[in-house]
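The values are calculated or read from the model by the stated rules, or taken from the named source; none is laboratory data. Computed from a predicted model, the values in this text were never measured in an experiment. Glycine also receives a Cβ, built like all others from the backbone with ideal geometry; neighbour counts cover every protein chain displayed. These area figures cover heavy atoms from the full protein model, side chains too; ligands, DNA and RNA do not enter into them. Shrake-Rupley method; radii C 1.70, N 1.55, O 1.52, S 1.80 Å.
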Amino acid sequence: MKFLIVFVALFAVALAAPADPEAKIVRSESDVGPESFKYDWETSDGQGAQAQGVLKNIGSENEAISVQGSYRFVADDGVTYEVTYIADENGFQPQGAHLPVAPEA
């Protein structure tokens, strides 16, 4: 399950930005354990992502994974966008200067 979440996150980031055929991986680190994971990568064209997650309430009915991370990419307009997020039992909660914010209720 954790591997799938990490894979999906990396896949989403890869699709979010235009690919630079000359981009090189300048850093790639990961540590995946039975109850947690951590990764960090960066490419020469300015893209990157990092996240860490931990399994909470292990063995209970409320077992969930809690992830904190960020990703950045250079869009077609040449601007680098960054999103930080928390993903847990309360859902995916992204934040970024370019993202709209819901009005106060």
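Remark: accessible surface ordering of S36, S28, S70 (largest first) is S28, S36, S70, probe radius 1.4 Å. Computed over neighbours whose Cβ is under 13 Å from that of G96, the net charge equals 0, Lys and Arg +1, Asp and Glu -1. Across I86, I58, the residue with the most accessible area heads the list, and the full order at a 1.4 Å probe is I58, I86.
For the pair E82/A97, report the inter-label distance in nm, with labels modelled 7 Å from Cα in the Cβ direction. My value for the distance between the label points is 0.9 nm. What the Cβ-Cβ distance of E89 and K38 gives, at R0 = 22 Å and to the nearest 0.05, is a FRET efficiency of 0.65. Sequentially through the stretch 24-29, phi angles give Karplus couplings (6.51, -1.76, 1.60; θ = phi - 60°) of 10, 6, 9, 7, 8, 9 Hz, Gly and Pro residues having no value and appearing as x. Rolling a 1.4 Å probe over the protein chains gives D45 an accessible area of about 40 Å².
The HN-Hα couplings worked out from phi for the stretch 36-53 by the Karplus form 6.51 cos²θ - 1.76 cosθ + 1.60 (θ = phi - 60°) are 7, 8, 7, 8, 7, 9, 8, 10, 5, 8, x, 7, x, 7, 8, 7, 9, x Hz, whole numbers, x standing for Gly and Pro. For the residues F73, F37, a 1.4 Å probe over the protein chains yields an accessible-area ranking, largest first, of F73, F37.
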